[in-house]
Amino acid sequence: MAITITCSPAMLGWLGKAFPNATKISVFKQFEQKELTDEQMKSLIRQGIIDDIGEISPAVYAMLKTLAYADTAFRIQLIKLSNVSEKTAYFFEEQGVSVDQQGGVYTIRYPIPVEDSITDYREFIGDGRYIDVPFKKIGNCDAIKAAVSTMDCQRKAVLTGLGNEEEFRLAFEEKVINDQIASDQVLAIGSWLTIFEGKPSIQKAIDAGYIIKKDNLLLLADDWLSLSTSCLLLDLTVDLLFVKKADEQHEVSRARAFVFDRHNILYVEENRGMMEVSTTSGRDLIEILKNLLQNT
């Protein structure tokens, strides 16, 4: 039986009291457990979540049990300017439940509406097969981070040149790149640098051949330059968080996709202590999201 319920943070906290041994990754761990107002209790009753004496219905309890004892969770965030849409899929004993969060409202669904979710993602990402600039690098995190920051400098230079109807610069002083590394500007890829281990190192990027030093100026290698001039205006960021229980610990990994347009999508992920940066098609990104929602 399909179930959909809508809760506020306070309501989720109250429901979490029924699961005192919830796992560390449970959604219930996010909220304070306190008494509800009469209106909040009435909302739970109207939705059939609890009965008149406050007991959780058996069907809803079975669904919430997955949220409480989940050993695997995948969070998908779509970030467009200041708007964030979030879906987290929780899995326990081969059962999956999704939690959508937007504007402080949580919608919980069983089973996970995979096809409906994928249809929504296609609206934002597209599902094209083509890639404008094929690109793939797996390297030291410090070097990759410095190269991507230089890529941001190049992107801004191209856009400024286009706006002023003049040639754009291809080489930068080291200070310009260091300022970019330290910034979190709207135009820049920005804060993704902070989600991965390591500190950007211009010298390591030079040693790896990502950046070329010429006459005390720094410029991108040809493949990085092609990528920069193709990936100009960022339209959407897709942030992915993976958590899996392994023995008594939890394995956590991150990835991000930057959607500039349907044929220019940059995918960044950790790869065994290294960082991988590659371009991907909309269709392949959609397939990644579908596999996460199906836990396959």
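Only the coordinates and a few stated rules stand behind these numbers; no lab work does. Predicted model, so just to flag it, every value in this text is computed and none were measured. Cβ: placed from backbone, ideal geometry, glycine included. Neighbour counts: every protein chain shown.
Full extension of the chain segment joining E115 with D222 gains 34.5 nm, where the gain is 0.36 nm per residue of separation less the Cα-Cα distance. Only the Cβ atoms of Lys and Arg (+1) and of Asp and Glu (-1) were treated as charged; on that basis the dipole of the range 58-142 about its Cα centre amounts to roughly 180 debye.
Counting only helical runs of four or more DSSP H residues, what would the 222 nm mean residue ellipticity of the chain come to if each run contributes -39,500 (n - 2.57) and the total is spread over all its residues? Calculated mean residue ellipticity at 222 nm is -10500 deg cm²/dmol. When the alpha carbon gyration tensor of the range 81-137 is reduced to an equivalent ellipsoid, the three semi-axes, largest first, read 27, 17, 12 Å. Which FRET efficiency value, to the nearest 0.05, is calculated for N271 and Q203 with the Förster distance at 25 angstrom and r the Cβ-Cβ distance? Once rounded, the FRET efficiency stands at 0.70. Three principal axis extents of the chain based on alpha-carbon atoms, in descending order, are 78, 40, 34 Å. Stretching T4 away from D52 to a fully extended chain increases their span by 15.3 nm, per 0.36 nm per residue minus the current alpha-carbon distance.
Can you give the charge dipole size of the range 209-296 about its Cα centre, rounded to the nearest 20 debye, using +1 on the beta carbon of Lys and Arg and -1 on the beta carbon of Asp and Glu? Magnitude of the dipole: close to 60 debye. Computed on the range 206-296, with alpha-carbon pairs under 8 angstrom and 6+ residues apart, the relative contact order is 16 percent. A DSSP coil position with no more than 13 other Cβ atoms inside 10 Å describes the following trypsin sites (Lys or Arg not before Pro) in the range 118-178: R129.
Taking every alpha-carbon pair under 8 Å whose residues sit at least 6 apart, the range 1-85 reaches a relative contact order of 30 percent. Full extension of the chain between V252 and Q30 gives 78.2 nm of extra length, using 0.36 nm per residue less the Cα-Cα distance. Taking label positions 7 Å along the Cα-Cβ direction at both Y61 and V84, the computed distance is 3.4 nm, reported to one decimal.
Which of D38, D51, D71 has the fewest other C-beta atoms within 10 Å, and how do the rest follow up to the most?
D38, D51, D71
For the range 136-280, the Kirkwood estimate of hydrodynamic radius, built from reciprocal distances between every pair of different alpha carbons, is 15.8 Å. The Cα atoms of the range 209-296 give a gyration tensor whose axes a ≥ b ≥ c have a/c of 1.5 or more with a/b no greater than b/c, which makes the shape oblate. With both labels modelled 7 Å from their Cα along Cα-to-Cβ, the Q40 to D132 distance reads 4.8 nm.
Under a Gaussian network description of the chain, with springs only between Cα atoms under 10 Å, the residue in L234, L159, L225 that fluctuates furthest is L159. Computed on the chain, with alpha-carbon pairs under 8 angstrom and 6+ residues apart, the relative contact order is 20 percent.
For the options I265, I131, I181, a Gaussian network treatment of the chain with springs between C-alpha atoms closer than 10 Å singles out I131 as fluctuating the most. Within the listed set P113, P134, P20, the residue fluctuating most in the Gaussian network model of the chain (springs between alpha-carbon atoms under 10 angstrom) is P20. Of the GluC sites (Glu not before Pro) found in the range 204-296, those in coil by DSSP whose Cβ has at most 10 other Cβ atoms within 10 Å are E248. Taking 30 Å as the limit for the C-alpha separation, the pairs K29/K290; K34/K199; K65/K145; K136/K175; K87/K175; K42/K80 exceed it in the case of K34/K199; K65/K145; K87/K175; K42/K80. When only the Cβ of Lys, Arg, Asp and Glu is charged (+1, +1, -1, -1), the dipole of the chain relative to its Cα centre reaches about 280 debye. Quick one: Debye curve from the alpha-carbon atoms of the range 3-112 only, equal weights, vacuum; give me log10 I(q)/I(0) at q = 0.13, 0.17, 0.19 Å⁻¹ to two decimals. For the range 3-112, the Cα-only Debye profile gives -0.46, -0.78, -0.97.
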